[in-house]
Amino acid sequence: KRTIHVVSKEELKRNMFGIFIGNNTIRATDGFRAIINHVETGVEAGLENGIFLPRETANIIAGLTESDIEFVYNKYDMKVVAGDITYHSKLIDDNPPNIDGVIPKEFTIRYSANTAEFKKAMRTILISADPLDTTKRTELEFNNEIMIISASNNEIGAESTDQIPYKLEMGEPTFPVY
């Protein structure tokens, strides 16, 4: 469930249109965001490429409420058994994106802010974000201990901005963060 929201909604990005389940990781990306969940997956360590589920299959599995779910798979197909329900699906026959190759190994700047204030500000400015932009792109500007959060929708001329305090914990910022 914690991974599905990152999967691309564009079917043309075939290798980003699913969730990759490997040895103790579940991964997804849409080209802008990436998520890696380190969890016990039960996928065999010897299976080099893991399994690559279509988005719709992942949504169905996430909606299952049974406590015990059995996965049976081969290179092309999978079967999920949860209680009285048996679900069959083809797997994506493509290589998942190399998320490890694009995520930085170390970061040189660290900010901190109050989570409740940040969530409130994000909810406020996302009203103006372009609804067709699946990433709901926002801009963060760090300026003298005030984080300026903004979003815009050029189609209707809407723009929202909010501000919250932040603390610089490490490094020196030299660029705006988008």
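The values are calculated or read from the model by the stated rules, or taken from the named source; none is laboratory data. Quick caveat: nothing in here was measured; it's all calculated off a predicted structure. Here the Cβ positions follow ideal geometry from the backbone for every residue, glycine too, while neighbour counts run over all protein chains shown.
Okay, here's what the table says:
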{"read-out": "Residue among ILE92, ILE61, ILE125 that alone is part of a loop (DSSP other than H, G, I, E, B), surrounded by 12 or more Cβ atoms within 10 Å (Cβ to Cβ) and modelled with pLDDT of 75 or more", "value": "ILE92"}
{"read-out": "Considering residues of the stretch 109-122 that are aliphatic (A, V, I, L, M) and modelled with pLDDT of 85 or more only, the residue surrounded by the fewest Cβ atoms within 10 Å (Cβ to Cβ)", "value": "ALA116"}
{"read-out": "Filter result (without any contact (Cβ under 8 Å) to a residue 60 or more places away in the chain and not in a strand (DSSP E or B)) within the stretch 108-122", "value": "ALA113, ASN114, THR115, ALA116, GLU117, PHE118, LYS119, LYS120, ALA121, MET122"}
{"read-out": "Candidates GLU48, GLU10, GLU40, GLU70 - the one that is more than 30 Å from ARG137 (Cα to Cα) and modelled with pLDDT under 65", "value": "GLU48"}
